[in-house]
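The values are calculated or read from the model by the stated rules, or taken from the named source; none is laboratory data. Note that the structure is predicted; figures quoted are calculated from it, not measured. Heads up, the Cβs are rebuilt from the backbone with ideal geometry, glycines too, and the neighbour counts pull from every protein chain shown. For the accessible areas, the whole protein counts, side chains as well, though only heavy atoms, and no ligand, DNA or RNA atoms are used. Shrake-Rupley method; radii C 1.70, N 1.55, O 1.52, S 1.80 Å.
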Amino acid sequence: MAKEQSQVLTALDVAKTQWYHFTAIIIAGMGFFTDAYDLFCISLVTKLLGRIYYHVDGAAKPGTLPPNVSAAVNGVAFCGTLSGQLFFGWLGDKLGRKKVYGMTLMLMVICSIGSGLSFGHTPKSVMATLCFFRFWLGFGIGGDYPLSATIMSEYSNKKTRGAFIAAVFAMQGFGILAGGIFAIIISGAFKARFDAPAYEVDAVGSTVPQADYIWRIIVMVGALPAALTYYWRMKMPETARYTALVAKNMEQAAADMSKVLQVEIQAEPRKEEPEVKSYGLFSKQFLSRHGLHLLGTASTWFLLDIAFYSQNLFQKDIFSAIGWIPPAKTMNAIEEVYRIARAQTLIALCSTVPGYWFTVAFIDRIGRFAIQLMGFFFMTVFMFALAIPYDHWTHKENRIGFVVIYSLTFFFANFGPNATTFVVPAEIFPARFRSTCHGISSASGKLGAIVGAFGFLYLAQNKDKTKADAGYPAGIGVKNALIVLGVVNILGFFFTFLVPEAKGRSLEEMSGENEEEAAPREESEQSHSHNNNNNRTVPV
């Protein structure tokens, strides 16, 4: 068995980079494209939702979503994602990667369309329907994290595996860009067709009835890329590593890989061997072999996402400060969507997307460990550079410097732990737990995202309650919130030392599965030899 396994798995490890690898990146990456598109596009339309559904007659400023509604609309998808990561991660190890892979995509397609068709006679019922579909959309997106990472790692050769998994994750960058560009096109077209005065000129007339179509179209288009790749996902064979190591069907693994890699791989006829008792996920053996690794991958992802998602809090202040977005009352509803989309697309283009692809270029040269340490280090430096002289950055003449440093923290998050925390859990655990452990690590990250996006929303409020945003209690202020984030990054730096380096090593070597196969075989040989000794005939 071990010889058959090594033949199939070695063929995968040493396979040249082929066209099939690139199609796998696109097929797996479309889930992340949809994920980023969805999370990005809702932030583009939340201001519009406030104007449409929470307008107050006679108010000096346009309507905004109340804090609890805003938290629900933005946060319910995170809760769904966390649940989906745990559930589909476990299911991917139980049923196989391929069987579960189509389910997640169909869930995304149905719920993206459902989100856009949210109905109701009152603002409350529209928001409740939207939250319902966004939870299940998040559930489907959550399943894509462990499955896409695991499938890509199990298809890849050991030389370029890191770059391939990182490239799947980097599709998020294109999803963010696509969301921004599509919102610019749609809002631009509506703006040209339905001219409206600014809010301060005509409060009611500034939001034309047709504006309700804008957010629905933007949200629903997220279903398109996912639907287009459904057929190709269904055509992908099960990964050879799952078929060989978990399903124990060596002939099928060899046949699948022969088709995929266009190389003839012969599996030897199956021989009767003693059943190997494997250890379970909650066993002492797993804890001693991989417990610290799982703690390392889960804690670094948790700490990274606290810092990464809380950074988004400061975007609206930055955009307003440098004049990219004028005061809301000076614009009509469609103009505001257009301005926000343009500003966020520029940030994505300048810092988010390049960071992802720097990781793809360098991960198999300098390694995951070095990139993650470097990313946490520079994020800490730039957070403190923003926090300690924070009063200096609030002066108008210094705001461009603030934006540059802020962009660099995003760049080093993506050319750093945001990419590596996704890659490493798909490489260091045994095949039978790989999807589950990636699901646990990524769910830990989403928990950090919830803390970052909502805990810090309250924490960063002004110490003086009268100056805090409407509906929020007093906080510790932006300066102190940035210092706390700097400390979070320092913790991430130190927890990185629990994570092993997987560069240039096979998945079986990293997970210790070679040793698992070897140990029972040696025991079997010793037992066979012992029986032979006992059965000798001794002449009398």
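For this structure, a couple of remarks:
- Mean separation of Cα contacts under 8 Å (6+ apart) over length of region 99-211, as relative contact order %: 18
- The chain, relative contact order in percent, only Cα pairs under 8 angstrom and at least six apart counted: 23
- Taken along its principal axes, the alpha carbon cloud of region 161-248 reaches lengths of 71, 24, 18 Å, longest axis first.
- Expressed as a whole percent, the accessible area of the chain that falls on carbon and sulfur atoms is 65 (1.4 Å probe).
- Protection-proxy order for peptides 414-425, 90-101, 156-167, 34-45, each taking the mean of Cβ atoms within 10 Å per residue, highest first: 414-425, 34-45, 156-167, 90-101
- Using just its DSSP H runs of length 4 or more, each adding -39500 (n - 2.57), the chain gives a mean residue ellipticity at 222 nm of -23500 deg cm²/dmol after division by all residues.
- Calculated over the chain: convex hull of Cα atoms, volume per residue (Å³): 151
- Net charge contributed by nearby residues that have their C-beta within less than 11 Å of Ala502 (K/R +1, D/E -1): +1
- Cα centroid separation, region 420-447 to region 192-264 (Å): 22
- Across the chain, the longest run free of exposed loop sites, meaning GluC sites (Glu not before Pro) lying outside DSSP classes H, G, I, E and B with no more than 10 other Cβ atoms within 10 Å, spans 276-540.
- Trp357 exposes around 90 Å² of accessible area when a 1.4 Å probe is run over every protein chain in place.
- Derived from the Cα gyration tensor, the three semi-axes of the equivalent ellipsoid of region 26-129 are 34, 13, 12 Å, largest first.
- Each other residue within a Cβ distance under 12 Å of Met236 adds +1 if Lys or Arg and -1 if Asp or Glu, for a net charge of +3.
- Given Lys396/Lys446; Lys159/Lys259; Lys158/Lys259, the pairs whose alpha carbons are separated by over 26 Å: Lys396/Lys446
- For the chain, the longest principal axis of the C-alpha atoms and the axis of helix 19-53 are separated by about 30°.
- Near Ser118, once Lys and Arg are set to +1 and Asp and Glu to -1 for all other residues with Cβ below 11 Å from its Cβ, the sum equals +1.
- Residue-wise HN-Hα couplings along region 404-415, as the Karplus relation 6.51 cos²θ - 1.76 cosθ + 1.60 with θ = phi - 60° gives them from phi, are 4, 5, 4, 5, 5, 5, 5, 4, 7, 6, 7, 8 Hz; Gly and Pro carry x.
- Rounded accessible area per residue of the chain, 1.4 Å, Å²: 43
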